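Accompanying notes for the structure given below.
The values are calculated or read from the model by the stated rules, or taken from the named source; none is laboratory data. None of the values given here were measured: they were computed from a predicted structure. Note that we place each Cβ from the backbone using ideal geometry, even for glycine, and neighbour counts take in every protein chain shown.
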Amino acid sequence: MATAASVAGRDPLSGPRRPPLRRALAGPLGSATLRGIHQHAGLAVSQTSNEEIVRLYVNAATAHDYDALGSLRDPDWTMEWPQSGERIRGHANDRAIDEAYPGGLPDVEMSRLVGSEDRWALSPSFTLNRIVGNGDFWWADGRFTYPDGSTWYVATLMELRNGKMYRETQYFAPISEAPAWRAQWVEPIE
């Protein structure tokens with residue numbers, strides 16, 4: 001859900017204030033932007049970081065925004081589902097699967113995104129320098145709630161290549177009851 005903070009360019013999950021952005025896509029993981037060149041603290045910043053690309057991508061996937069997804073995917077993009085032994089090759093096949101999904105698509109709630117994000121550093125001359133996140137491997141986790149009411153957890157490993165989403169691997173697990181035999185060593189997650 002977009003908040004006033006995320007729409008104003010502040011990502012509530014990462015804390016630090018971000019510069020004003022040109023084309024923002026706000027979503028459950030905050031806002032992200034594919035920005036081209038803009039100014040920040042008097043410095044020209046021209047590179048879109050992998051963090052921004054991944055945030056745009058996850059927000060577009062959550063919103064089922066196929067045009068945005070297509071623009072963020074590498075031409076050789078693939079998605080693997082190891083549990084069922086399937087691989088989707090290409091954006092058109094992914095879109096066709098979603099459009100033919102029996103009963104409609106699930107509601108997606110992403111809760112965490114982990115990777116090498118942007119950092120800011122202050123030089124000895126008190127100049128603010130942006131250190132752009134360039135890690136090519138990211139992962140996200142969340143929940144899918146299907147039209148039949150079932151809820152499944154999902155973990156997605158994402159790999160970027162040349163600033164585009166190149167490969168994804170998704171693992172799914174249904175909600176399960178905790179076994180009583182280990183109750184003395186664990187605490188419930190709420």
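Can you tell which of Thr156, Thr169 is surrounded by 12 or more Cβ atoms within 10 Å (Cβ to Cβ), at pLDDT 85 or above and in contact with a Leu (Cβ under 6 Å, 6 or more places away or on another chain)?
Working: Thr156 fails: in contact with a Leu (Cβ under 6 Å, 6 or more places away or on another chain).
The unique qualifying residue is Thr169.
For the structure I just gave you, tell me whether Val54 is among the hydrophobic types (A, V, I, L, M, F, W, C), buried (at least 16 other Cβ atoms within 10 Å of the Cβ), at pLDDT below 95 and farther than 23 Å from Thr151 by Cα. Quick ask: steps written out before the conclusion?
Details: among the hydrophobic types (A, V, I, L, M, F, W, C): yes; buried (at least 16 other Cβ atoms within 10 Å of the Cβ): yes; at pLDDT below 95: yes; farther than 23 Å from Thr151 by Cα: yes.
In short, yes.
Would you check which residues across the stretch 161-188 are closer than 30 Å to Arg87 by Cβ and free of Cβ contacts under 8 Å to residues at least 12 places away in the same chain and list them? Give the steps one after another, and end with the answer.
Here is the first cut: in the stretch 161-188, the residues closer than 30 Å to Arg87 by Cβ are 161-176.
Ser176, the sole residue that qualifies.
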Inset, instruction - Would you be able to tell me the number of residues in the stretch 144-178 that are part of a strand (DSSP E or B) and of a type outside the set (Phe, Trp, Tyr)? - result: 18
